[in-house]
Every structure is written in C-alpha cells, then in structure tokens.
Amino acid sequence: MEKIPECIGIILDGNRRWAKKQGLPSFEGHRRGMNNVEIIVLAARDFGIKHVVVYAFSTENWNRSKDEVSYLMEIFEKMSRENMARLAQEGVAVRFVGQRERFSPSLQSAMRAAEEKSLADPKITLWICLSYGGRAEIVHAAAEAAKDGSVTEKTLAAHLWTAGMPDPDIIIRTGGAQRLSNFLLWQSAYSELFFITTYWPAFTKKDLEKILGEYAARERRMGK
C-alpha cells in the first residue's frame with residue numbers, strides 16, 4: 001500500500017454480543033476477543049504499521065458485575081504472562097496505559113514483566129489501555145504539568161499516560177456503535193475514524209486491509 005499509518009487505535013467492542021450470537025457464554029467472547037488482539041497486532045506488523053493501541057478495559061468498566069470484572073482480570077494476567085511472551089518473540093513490544101494502581105499486585109507485576117521483555121528496537125509496539133479513560137488521563141496530565149509550573153499543549157502531552165506514542169492516524173471501532181467512549185480524547189484530534197459493524201472477535205486481517213485501503217484514499221489536511 002502507498003500510505004500506511006504509523007499508529008492505529010482500536011476500540012474492542014462487541015465481545016459479549018458476538019458470544020451471544022454464537023450461543024456461547026459472554027465470558028467466552030472476552031477470551032476470544034483478547035486472543036484476537038494477538039492476531040491483529042501481527043497482521044498490523046506485516047502491513048508495516050509501527051504502533052497499535054487497543055482499548056481493552058475502560059475506567060467505566062469497573063462498574064460491570066463482580067464476576068465479569070474478576071474474569072477479565074484473569075484474562076489480562078494470563079495475556080500479560082503468556083501472549084506477550086509469544087509476541088516478544090515476534091518483534092512486538094508492549095506498553096500498558098492507564099490506572100495501574102487499581103489492579104492487583106500480581107497483575108501489576110505481570111505487566112511490568114511483560115514490558116521488561118520488550119525489545120529495544122521492536123517491529124511494532126502494542127499499547128494496551130487498561131483502566132483507561134481519556135478524561136482521567138487529561139486531568140492527570142494537567143495536574144502533573146501544573147506541578148512543573150507550565151500547562152501548555154507541549155507540557156500536557158509530555159505527561160499523558162501515552163507519552164511517546166504517536167497520535168493515531170486511524171481509530172477503528174468494531175461492534176456498530178459510532179462514538180469514541182472516552183478513548184484517546186486528546187490524541188484523536190485529527191484521527192480518521194472508522195466505525196464497522198463486525199464484532200471484535202470476528203475482526204480479521206482482511207477487515208484491517210480494507211480499512212487501510214480506505215484510509216489511503218482519504219485526504220488528511222490536518223486543518224490546513
């Protein structure tokens with residue numbers, strides 16, 4: 001392709017609805033969805049994309065049922081310990097973004113271990129947003145910038161949880177909804193948005209390729 005984005009963001013929506021449609025427990029949808037992250041990140045790497053940021057668990061998701069949240073924590077820890085080890089062998093670095101202090105010491109330890117295994121010069125970096133909210137991130141960054149005595153676009157950006165990550169050229173939301181739901185509110189100012197009806201566990205490399213083709217045909221003037 002002639003125009004490949006440097007960074008893409010993905011809102012992983014539709015896990016529970018996919019499971020219901022398949023006649024499976026909603027928990028199975030979450031498991032399949034997290035496994036699909038690994039598949040799509042490798043596809044993105046093959047297309048030449050350097051950064052993928054996924055919205056896996058929002059600050060609002062803590063309000064879900066205790067059983068569902070507990071199951072998701074188990075998935076995240078298993079992902080951190082197993083999936084990330086496999087991805088490291090494929091040239092994938094990982095960074096976790098969000099309110100880490102809200103997670104168990106065991107999960108926090110697994111996150112740190114996964115990040116430490118990341119290569120210094122990866123083929124692609126996977127940014128995983130856990131207990132993440134765009135508003136909370138901006139408030140945190142503004143408070144930190146104020147401590148340094150100057151709140152500007154530059155100083156605020158330097159204190160974002162995603163500092164070091166390029167702003168996403170594309171944001172994809174699966175599952176049919178057409179909203180950002182508190183995802184990368186600062187970083188998405190000039191992102192190209194793609195809303196598709198496919199549920200996340202069913203999203204494929206071919207779906208990504210189609211979106212990249214549509215992106216290549218768009219003109220990005222960035223306000224000019």
Exercise for review: Quick one: work out the % antiparallel among DSSP beta bridges in the chain, nearest 5.
Suggested key: 0 percent
**Study point:** Label selected from (1) 0.95; (2) 0.97; (3) 1.00, the criterion being Rg/Rh (Cα atoms, Kirkwood Rh) as computed here
**Key:** (1)
**Study point:** Student exercise, the chain dipole from Lys, Arg, Asp, Glu Cβ charges, in Debye to nearest 20
**Key:** 460 debye
Review point. Of 203, 150, 47, which is farthest on the positive side of the dipole of the chain, counting Cα position, with +1 on Lys and Arg Cβ, -1 on Asp and Glu Cβ, and the Cα centre as origin?
Key: 203
Review point. How much net charge surrounds residue 187 when only other residues with a Cβ under 10 Å from its Cβ are counted (Lys, Arg +1; Asp, Glu -1)?
Key: -2
**Study point:** For 7, 129, order by how many other beta-carbon atoms lie within 10 Å, fewest first
**Key:** 7, 129
Study note, to complete from the structure: Taking a ≥ b ≥ c as the square roots of the Cα gyration tensor eigenvalues, with a/c under 1.5 meaning rounded and otherwise prolate when a/b beats b/c or oblate if not, region 1-127 comes out oblate
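Rounded, prolate or oblate, given the Cα gyration tensor of region 62-193, with a/c below 1.5 counting as rounded?
Rounded, because the longest to shortest axis ratio a/c is under 1.5.
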Review point. Hey, fewest Cβ within 10 Å first, where do 185, 72 land in order?
Key: 185, 72
Practice item. Fewest Cβ neighbours within 10 Å first, please rank 195, 183 accordingly. Key: 195, 183
Check your understanding: What's the local net charge at residue 140, with K and R +1, D and E -1, over the other residues with C-beta under 14 Å away?
Key -> 0
Practice item. Run the numbers on the chain and let me know its relative contact order in percent, using alpha-carbon pairs under 8 Å that are six or more apart. Key: 29 percent
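Rule-based calculations on the coordinates, nothing more; no lab input. From a predicted model like this one, the values you see are computed outputs, not experimental measurements. When we count neighbours, we look across all protein chains shown, and the Cβ atoms used for this are built from the backbone with ideal geometry, even at glycine.
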